[in-house]
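Read the structure below first, then the notes.
Any read-out appearing in this document is the output of simple, stated calculations on the displayed coordinates, not a laboratory observation. On a predicted model such as this, the values are computed, not experimentally measured, just so you know. Heads up, the Cβs are rebuilt from the backbone with ideal geometry, glycines too, and the neighbour counts pull from every protein chain shown.
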2 protein chains.
Amino acid sequence: MKKNKKISMKDISKELGISITTISFIVNKKAENKISKEVIKKVEDYIEKVGYKPNSSAQSLRTGRSKTIVFMAEDISDPFFSAIAKEMETIAFNNGYKIIYCSTENKKERAVELLNLFKDRQVDAFIITPPEGFENELRKLIYDEQHVIMVFDRYFDDFKHNYVVLENYKGTQEATASLYNSGKRNIAFIGIESNLSPLKQRFEGYKDKIGDYGLKEYSLLIQFEHIKTQQGQNYIKSFLETHPEIDGILFATNNLAISGLRVIKNKGLKIPEDLGIISFDDRDVFELFTPPISVIAQPVPDLAEELIKGTLKLLKTKSANEYRFYQKSLNGKLIIRKSF
Amino acid sequence: MKKNKKISMKDISKELGISITTISFIVNKKAENKISKEVIKKVEDYIEKVGYKPNSSAQSLRTGRSKTIVFMAEDISDPFFSAIAKEMETIAFNNGYKIIYCSTENKKERAVELLNLFKDRQVDAFIITPPEGFENELRKLIYDEQHVIMVFDRYFDDFKHNYVVLENYKGTQEATASLYNSGKRNIAFIGIESNLSPLKQRFEGYKDKIGDYGLKEYSLLIQFEHIKTQQGQNYIKSFLETHPEIDGILFATNNLAISGLRVIKNKGLKIPEDLGIISFDDRDVFELFTPPISVIAQPVPDLAEELIKGTLKLLKTKSANEYRFYQKSLNGKLIIRKSF
DNA sequence: CTGAAAGCGCTTACAG
DNA sequence: CTGAAAGCGCTTACAG
């Protein structure tokens with residue numbers, strides 16, 4: 001079946017009459033000051049010629065490191081997470097790491113299942129967007145010290161961990177302020193019912209700002225599973241109908257805004273005349289919408305870079321036994337278009 | 001560092017006084033008719049209790065199979081490919097396979113690089129969207145018979161291979177017909193300059209249909225790297241300006257349509273009055289656009305299912321030495337909205 | 001029905 | 001500067 005049998009160190013050793021040890025050192029670039037220049041050259045040339053690649057399973061078995069990172073996204077098909085995945089890819093590969101992806105769908109059970117699937121499977125690091133209720137599993141995972149754990153998009157207060165997140169509180173403060181500055185005085189917040197840090201902080205940012213202005217608070221929190229459903233749209237619709245005075249809406253996530261925009265279109269409401277709109281996260285659809293929707297954009301390339309570079313750094317320092325927490329919080333970027 | 005050392009078969013063997021062989025059979029469900037019920041029970045209970053998981057590197061090293069599939073997408077951050085990735089995920093995991101992703105960006109050099117990165121690294125299968133000019137590498141890869149190779153989204157005529165693709169020719173025929181039936185008589189095709197099968201066939205479908213109607217052909221082919229750029233938009237703009245009689249446009253891909261819609265918006269052209277529009281591939285933005293854009297949607301869940309199930313099937317039959325080509329061609333779905 | 005043993009392809013401590 | 005050898009944790013042909 002396998003036509004050309006793969007070549008191993010043993011084969012090279014026999015062919016060149018050089019010990020496996022020496023070859024291993026050369027392959028792993030640990031030959032400096034140990035092996036003579038001629039031998040190195042000879043081996044490297046031969047490796048080049050036959051296209052030898054070390055067997056990674058054997059390496060992993062021997063070293064306990066697999067050069068594999070699991071990216072446990074909330075949903076790999078979400079534009080935000082897939083953009084992050086794309087950005088991380090090249091940096092990971094350039095450092096000899098491969099990335100396995102999976103999606104928790106923000107469900108604790110699913111996350112636990114996935115974790116069990118990968119936990120003992122020779123994975124070096126996890127980049128995780130933990131769903132609600134995942135604290136204990138996460139804490140255990142960190143405590144075990146078997147893997148590097150990098151938490152993304154959210155974090156927990158009750159224990160220390162590595163994370164890369166956004167300044168969500170600041171983001172909605174700014175967003176609320178810009179709606180206010182355009183003259184809106186009945187500004188609503190449409191968010192998600194959740195204890196996850198970004199969702200809570202986005203709500204807080206709005207509430208505090210509204211408080212500063214002495215305005216009335218209007219808020220609708222939708223359950224995660226209804227964000228993209230007709231049910232979710234119905235909630236938004238009746239929310240708007242019970243509060244016809246609302247003249248501005250801040251959507252806490254892009255998917256929420258998309259559901260909201262469907263409702264607004266169906267009701268024939270005019271943006272920005274009837275309603276000023278701003279959303280978290282940028283997407284093509286916001287720019288192409290009529291009128292274009294203002295957003296607080298997340299700095300995807302920066303987030304991705306922090307995530308993967310941080311993880312790789314921890315992977316290195318961990319084996320050197322110098323462990324420090326990696327915690328980054330980046331600012332969102334307000335992009336004003338024509339929606340208020 | 002590692003707090004709780006992992007348990008191995010040897011540990012279980014010592015603990016229970018049962019040979020490693022027996023334990024291996026039980027773990028691999030090959031114990032039936034070989035090992036007594038009591039021993040099986042005893043071992044299984046112990047495994048359950050201590051949460052033993054076999055070391056996958058050791059398994060891979062021994063068997064030569066890694067239970068890993070590489071998904072070499074054109075671009076994992078593209079909504080189409082990330083949706084496919086998401087759909088494949090669960091089925092793969094349920095069958096004990098993990099998926100590593102990467103993006104070729106439709107560049108041959110990048111694809112070759114990625115291939116070299118993974119080729120000898122104990123990967124069982126590749127699901128590939130090959131870029132243009134990748135035929136020879138692909139052919140070699142298939143000929144080597146080291147991996148299962150499943151080609152996605154496009155195929156090559158000059159050699160036989162497994163693939164899952166769309167009926168692109170039919171798709172643009174239908175699209176052209178529906179533009180015609182709405183009264184448009186100067187229908188243009190905006191596509192990509194490429195020899196890749198879907199791109200060629202989409203163009204062919206349009207040309208043949210236009211020929212059937214005895215209409216004049218208008219076409220603009222843009223290079224892959226300009227699809228999302230300002231340059232690409234400039235091409236579209238001047239194309240429309242040199243042919244002001246054009247009253248309908250068929251866009252060959254979603255990204256092309258998005259660039260086109262930007263141009264149309266900027267020029268203040270009215271859809272559907274001035275221009276009827278239809279695009280390949282569905283996206284949120286088309287539904288939310290004013291007016292909503294008609295599309296030929298690809299059946300993402302079906303494509304993904306065929307892809308991963310086909311790959312898993314080949315992975316099984318290959319080891320059983322019964323090799324047949326897996327070739328599927330699915331129909332797109334015309335979704336009529338308000339854009340003509 | 002069960003077990004001893006070889007070997008997959010590496011890395012690395014040790015010896016010289 | 002170089003090599004012999006142990007061992008990572010499995011699977012599987014072979015023996016009984």
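Remarks
- Shortest-first distances to equivalent copies, position B:VAL112, nm, label 7 Å out along Cβ: 5.0
- Entry for segment A:206-272 at q = 0.13, 0.14, 0.21, 0.23 Å⁻¹: log10 I(q)/I(0) = -0.37, -0.43, -0.93, -1.07, Debye formula applied to identical alpha-carbon scatterers, no solvent contribution.
- Tensor-based shape of segment A:187-326 (alpha-carbon gyration tensor, a/c under 1.5 rounded, otherwise prolate or oblate): prolate
- About the Cα centre, charge dipole magnitude for the protein assembly as shown (Lys/Arg +1, Asp/Glu -1 at Cβ), debye: 2540 debye
- Near the amide H of B:ILE100, within less than 5 Å, lie the amide hydrogens of B:ILE69, B:VAL70, B:PHE71, all on another chain or at least 5 residues away, with H placed in the peptide plane.
- Calculated over segment B:1-107: convex hull of Cα atoms, volume per residue (Å³): 166 Å³
- Counting, for every residue in B:76-87, the Cβ atoms of other protein chains within 10 Å of its Cβ and taking the mean gives 6.
- Between B:TYR163 and B:VAL151, B:TYR326, B:GLN327, B:LYS328, the built amide H atoms are under 5 Å apart, and every one of these is 5 or more places off in sequence or on another chain.
- Listed values for segment A:263-269 are Karplus-derived 3J(HN,Hα) couplings in whole Hz (6.51 cos²θ - 1.76 cosθ + 1.60, θ = phi - 60°), namely 4, 4, 4, 4, 7, x, 6, and x replaces Gly and Pro.
- Once the Cα gyration tensor of segment B:238-303 is diagonalised, semi-axes √(5λ) in Å: 23, 12, 10
- Gyration tensor verdict on the protein assembly as shown (Cα atoms; rounded if a/c is under 1.5, prolate if a/b is larger than b/c, oblate otherwise): oblate
- Distances between placed amide hydrogens fall under 5 Å for B:GLY276 paired with B:GLY248, B:ILE249, all partners being 5 or more residues away or on another chain.
- Selection of chymotrypsin sites (Phe, Trp or Tyr not before Pro), segment A:107-159, meeting DSSP coil and at most 13 other Cβ within 10 Å: A:PHE159
- Computed over chain B: relative contact order in percent, which uses C-alpha pairs under 8 Å that are six or more apart: 16 percent
- Alpha-carbon Debye profile of segment A:262-340, log10 I(q)/I(0) at 0.12, 0.20, 0.24, 0.27 Å⁻¹: -0.52, -0.86, -1.06, -1.20
- Rounded to whole Hz, the Karplus (6.51, -1.76, 1.60) HN-Hα couplings of segment B:277-286, x for glycine and proline: 10, 9, 10, 7, 6, 9, 8, 2, 4, 6
- Prolate/oblate/rounded label for segment B:137-226 (Cα gyration tensor, a/c 1.5): prolate
- Checked against a 27 Å cut-off, the cross-linked pairs A:LYS67/B:LYS49; B:LYS10/B:LYS37; B:LYS108/B:LYS265; B:LYS108/B:LYS267; B:LYS86/B:LYS265 give Cα-Cα distances beyond that limit for A:LYS67/B:LYS49; B:LYS108/B:LYS265; B:LYS108/B:LYS267; B:LYS86/B:LYS265.
- Between the beta carbons of B:GLU204 and A:GLU113, assuming R0 = 41 Å, the FRET efficiency works out to 0.35 to the nearest 0.05.
- Using every pair of distinct Cα positions in chain B, the Kirkwood expression returns a hydrodynamic radius of 22.9 angstrom.
- Volume of the Cα convex hull of segment B:3-54, divided per residue and given in Å³: 69 Å³
- Label 7 Å beyond Cα on the Cβ vector: B:GLU193 copy-to-copy distances, nm: 5.6
- Put a dot 7 Å past the Cα of A:LEU215, heading toward its Cβ, do the same for B:GLU287, and the two dots end up 3.0 nm apart.
- Rounded FRET efficiency, nearest 0.05, which uses the C-beta distance separating B:ASP120 from B:SER182 and R0 of 60 Å: 0.65
- Sequence-ordered 3J(HN,Hα) estimates for segment B:115-129 from the Karplus curve with 6.51, -1.76 and 1.60 and θ = phi - 60° stand at 4, 5, 4, 9, 3, 9, 9, 6, 10, 7, 8, 10, 10, 10, 9 Hz, glycine and proline given as x.
- Principal axis extents of the Cα atoms in segment A:267-307, from largest to smallest and rounded to whole angstrom, are 42, 15, 13.
- Our helix-only sum for chain A, with -39,500 (n - 2.57) per DSSP H run of n ≥ 4 divided by its residues, gives a mean residue ellipticity at 222 nm of -14500 deg cm²/dmol.
- Here A:LYS328 yields copy-to-copy label distances, from shortest upward, of 3.9 nm, the label point defined as 7 Å from Cα along Cα to C-beta.
- Model label sites at B:GLU44 and B:GLU132, defined 7 Å from Cα along the beta-carbon direction, differ in position by 5.7 nm.
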